[in-house]
Amino acid sequence: MTGTDLTHPGFAGLELLDTPVLIVCQNGELVYANPASESLLGQGLRELLRHRLTDLFLPNEALQQALATAFAHNASYIEHDLALVTAQTAQPLHVALSVTPIDAVASQALIELRSLDQQLRIVNEERRLLQHQANRELIRNLAHEIKNPLGGIRGAAQLLEHELQDRPELKEYTEVIKQEALRLQSLVDRMLAPHRRHVVGEVNIHEVLERVRSIALAEYPQDLIIQRDYDVSLPMLFADKEQLIQVVLNIVKNAIQAMKGKGQVILRTRVARQTTLARKRHNLALKLQIIDNGPGIPDDIRDHLFYPLVTGRAEGTGLGLTLAQAYVHQHGGSIEFDSQPGQTCFTVMLPFIQEQSHATAPGAQGE
């Protein structure tokens, strides 16, 4: 590698690397980018070479410091976790950065950008799985503690109502007790729902989405638009159809309620290849995205959005997304979100092939 001749055979090996590699001059001018860099940055080689390194990203002091330090000391400089925001798409990239001077005479350095996004997704999924397991036990125990005395409360209210037959003006109070007990019973049933046995079979995801779309448009026929963006070539899922309907319906209803019934929702299906879900590698998976143009998820609940009883609405129960997460995890999948004002996207990943032995998740027996 001579530094100035980019056609030198010494560069041929860089073309084969999966790691994005750039070669820059000390003034930041780009002189080489391998195909992995083109993929990471979303630009072709010709376009990349028209820019300086700092032009590719929004101003980042750590990046400039890394380049300056490597050239000043003629030694490698490493940043283990650096967030770079591309100037073209404004999308953040989490990378491990290394800058290595390769030619002192030509003042050139080799830059490696190793993406950390996949590692971060795996770490976040592990964290969510542990959180889900803790939530499941908490909900189950709490629901039983609530459920046990409810029967006694309702029974006592009925007996009291019988004793008050000659005092009809007091029946109003016993009726309130019974109705509130029923409301609590309904809430408990919803909390216990993920632990009940589910029935699996072949499911067309687009039938699920069309069902949810019909329900939503029937409830909000005026100012709601639900667009379809389907990959109709997707294979069948092996899943519980009713649970998948509930997953999508809970997410869609949250979006509609956040938009106060006026806005746009996009239902998008794609195939994902070579994906790790619930610690297992799958050749093919469903990538279902539910996108809305609402106000976004409040910052103060983002970190614990899937926790039970967490809601951004005064009238909400905070169980919709908790149940959606539980059902998705029972199917060996994952659920995550990205939100900003004007666009919120929930992404549900589900494996297309699932062993019969895993059809009923551990702990999913009837209560």
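The values are calculated or read from the model by the stated rules, or taken from the named source; none is laboratory data. Just so it is clear, the model here is predicted, and its values are computed rather than measured. Here the Cβ positions follow ideal geometry from the backbone for every residue, glycine too, while neighbour counts run over all protein chains shown.
Annotations
- When the residues of segment 189-215 are filtered to those that are surrounded by fewer than 19 Cβ atoms within 10 Å (Cβ to Cβ) and within 30 Å of Leu160 (Cβ to Cβ), the one that is modelled with the highest pLDDT is Asp189.
- Residue list for segment 199-226, filter: of a type in the set (S, T, N, Q) and under 18 Å from Val247 (Cα atoms): Asn204, Ser214
- In segment 37-65, the residues that are assigned to a helix (DSSP H, G or I) and either of a type in the set (Asp, Glu) or farther than 16 Å from Val85 by Cβ (or both): Ser37, Glu38, Ser39, Leu45, Arg46, Glu47, Leu48, Asp55, Glu61, Gln65
One line per residue, one yes/no per condition, for (1) part of a helix (DSSP H, G or I); (2) of a type in the set (Lys, Arg); (3) over 30 Å from Gly151 (Cα atoms); (4) touching a residue at least 12 places away in the same chain (Cβ under 8 Å):
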{"position": "Glu161", "(1), (2), (3), (4)": "yes, no, no, yes"}
{"position": "Leu182", "(1), (2), (3), (4)": "yes, no, no, yes"}
{"position": "Val212", "(1), (2), (3), (4)": "yes, no, yes, yes"}
{"position": "Gln246", "(1), (2), (3), (4)": "yes, no, no, yes"}
{"position": "Asn250", "(1), (2), (3), (4)": "yes, no, no, yes"}
{"position": "Thr276", "(1), (2), (3), (4)": "no, no, yes, yes"}
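- None of Thr89, Thr69, Thr54 is modelled with pLDDT of 80 or more, among the polar types (S, T, N, Q) and surrounded by fewer than 17 Cβ atoms within 10 Å (Cβ to Cβ) except Thr69.
- Residue match in segment 290-304 (condition: in contact (Cβ under 8 Å) with a residue 60 or more places away in the chain and within 25 Å of Pro351 (Cβ to Cβ)): no
- Flag if Asp240 is surrounded by 14 or more Cβ atoms within 10 Å (Cβ to Cβ), touching a residue at least 12 places away in the same chain (Cβ under 8 Å), in the same structural domain as Arg268 (by TED's automatic domain parsing) and among the acidic types (Asp, Glu): yes
- Criterion violated by Ala218 - all others in (1) in a helix (DSSP H, G or I); (2) at pLDDT 85 or above; (3) surrounded by 13 or more Cβ atoms within 10 Å (Cβ to Cβ) satisfied: (3)
- With respect to (1) surrounded by fewer than 14 Cβ atoms within 10 Å (Cβ to Cβ); (2) closer than 23 Å to Leu305 by Cβ, the lone exception for Ile226 is condition (1).
- Residue that is farthest from Arg114 (Cα to Cα) [pool: residues in segment 70-93 that are assigned to a helix (DSSP H, G or I) and touching a residue at least 24 places away in the same chain (Cβ under 8 Å)]: Phe71
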